[in-house]
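Take a look at the structure set out below.
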């Protein structure tokens, strides 16, 4: 890969939902991680000091956790599915290019006495090196097929008549409804277990149940399944880092008192709600003083 030129692919980050959930600092760190992966065959060390040295700044533990949740750990290193796919494709194109090129002439003596020869019309494309537009069309078709397959699997899991249904805005009525949805989403649980390196897939539902016990005890509330999944994954990762297991009893201490004071614990994800408070811009905000526009923008109206 030493001779492989670097190409920036915005699709790896700014069209993803992750981009809109990141703060400006998190976006900067995430993009730098992509640069490191492209320069190292798709992999990056798990120590944040590598990225800190490149950026010449310190990265908070919270920002590092939010960013690295988007990666997968393979052989003790971070990697990214989209980055790996593009690197494999670039390598394959380079190898195919080595086999191409115009063959040597079988009649070198022909035309040697002619001072000028009429140039032949070049071919518009070759078999081993299709035009860039064709590559884009093929890649887009493959991605659409993959997304359709993934969408069918998700629909089969979540379209059960026994499961709670979200509102047109994608919100559920209660944390109990979200718990049922997450416990029924098997494909997400499989990805969840792989991202955390769990050896036993049957432990994932147990961690999900423990997460919702924690939320109920600490007053954490979510309305969208994407928010609950992100918080569940980051919370579980933290528990494992602290050495806790599925046998550990969850006894969360309430962070919101009856008088509605600000929670003492920092929020885990943007948009996390705890009573009348919502976690925005790295701080708790009182939703009772929000304007109608602010409430609509944050899904409160």
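The values are calculated or read from the model by the stated rules, or taken from the named source; none is laboratory data. Everything numeric here is computed off the predicted structure, so don't read it as measured data. Backbone-built Cβ (ideal geometry, glycine too); neighbour counts: all protein chains shown.
Name the residues in the stretch 235-249 that are touching a helix residue (DSSP H, G or I) at 6+ places or on another chain (Cβ under 8 Å) and either surrounded by 15 or more Cβ atoms within 10 Å (Cβ to Cβ) or at pLDDT 85 or above (or both), would you?
235, 236, 237, 238, 239, 240, 246
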Residue in the stretch 218-234 that is within 19 Å of residue 64 (Cβ to Cβ) and either touching a strand residue (DSSP E or B) at 6+ places or on another chain (Cβ under 7 Å) or modelled with pLDDT under 80 (or both) present: no
Some residue of the stretch 61-69 being surrounded by 11 or more Cβ atoms within 10 Å (Cβ to Cβ) and either in the same structural domain as residue 230 (by TED's automatic domain parsing) or modelled with pLDDT under 85 (or both): no
Candidates 300, 258, filtered to the one that is out of contact with any strand residue (DSSP E or B) (no Cβ under 9 Å at 6 or more places or on another chain) and modelled with pLDDT under 80: 258
